[in-house]
Amino acid sequence: MANLKELSKNQERLTGGHRLCAGCGAGIVARQAMIAAGNTPVVVTSATGCLEVSTTIFPYTSWKTSFFHSAFENSAATCSGIETAYRSLKEQGKITEDIRFIAFGGDGGTYDIGLQSLSGAMERGHRMLYICYNNEAYMNTGIQRSGATPKGAHTTTAPAGKSQPGKEQNKKDLTEIMVAHHMPYVAQAYVGNWNDFITKVQKALAVDGPSFINILTPCRLGWNYKPEDTMSLARLAVETCIWPAFEVENGIYKINVIPKEKKSIEEFLKPQGRFKHLFKSENAHVLESIQKDVDLRWERLQRRASEACNI
């Protein structure tokens, strides 16, 4: 596990003074990832999104490391290209130091329009870490639904009303899609547990190959909750098993946080304005459907982790 005393000695490579919203989880994710990288040189690429537009407003930057802004859809491709150039220069003896590579993307630029770029980079085997700060919608451009938006959520392109109770489809299981690439390291994490996330970043950067972390990152604007509740909401996602914290190392599953008492999904959904319509009597069937899906997925994950323990 991460050592807090040792971490306090590491460089702060994301400074304060950026323009992310109060209560935004993306800044927390980026700052902790940079601290986890230690004092090893890091090249960061970032797709267009909340993190990029709020930390690199010309002529200012919050990044105290090499930073490359790419288009919405190709953060992974950009990072893989830089990593390839680095390996070539190192083989030629023109670079001697070890450098790590981290690509950031929101769920829109990862689950949807960046999926092909991400899949290609992971399949080619580049030594890079891709971190998806997953706030479950296109928050930067107006809170439109994405492939990560959960069933029943209200967004501007899947509004809750008389004709439909918010988004009608289940979210895409991108973490399992990444596992299917047979990568050395894949994990799910959440804002609200720094030790779990930082430990996972350190593991991911240590592997000789591609790695991926999908971290749940509440958005106080799109989720419609009080800014001070970011951490507690993320923890509720884990306690209700809507968003389990687990890792897959070389195909072996391990659940990192097992709730002492599995809570009802309602405890996670009620504090968020994007789900308030689900608590009307006519939408009770949607809540039942979500709970059933969460239960089935949690049972499946437990089986996989149990099978791994018996290997």
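Computed from the coordinates by the stated procedures, all read-outs in this text should not be read as laboratory data. Just so it is clear, the model here is predicted, and its values are computed rather than measured. So basically every Cβ, Gly included, is an ideal-geometry build from the backbone, and we count neighbours across all protein chains shown.
The figures follow:
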{"item": "Taking the range 4-309 and dividing mean pair separation by its residue count, relative contact order in percent (alpha carbons under 8 Å, at least six apart)", "result": "15"}
{"item": "MRE, 222 nm, helices only [DSSP H, n ≥ 4, -39500 (n - 2.57), over the chain, to nearest 500]", "result": "-10500 deg cm²/dmol"}
{"item": "The chain - share of DSSP beta bridges that are antiparallel (%, nearest 5)", "result": "30"}
{"item": "Listed residue pairs exceeding 19 Å between alpha carbons, taken from Lys203/Lys263; Lys167/Lys280; Lys151/Lys270", "result": "Lys203/Lys263"}
{"item": "Cα-based convex hull volume of the chain per residue, rounded to whole Å³", "result": "133"}
{"item": "Sequence-distant aspartates and glutamates (8 or more away, or on other chains) whose Cα lies within less than 12 Å of Lys94", "result": "none"}
{"item": "Partnerless cysteines, meaning none of the other Cys C-beta atoms lie under 4.7 Å away, in the chain", "result": "Cys50, Cys79, Cys132, Cys219, Cys241, Cys309"}
{"item": "Nearby aspartates and glutamates by direct alpha-carbon distance to Lys162 (threshold 20 angstrom, same-chain neighbours under 8 apart not counted)", "result": "Glu282, Glu288"}
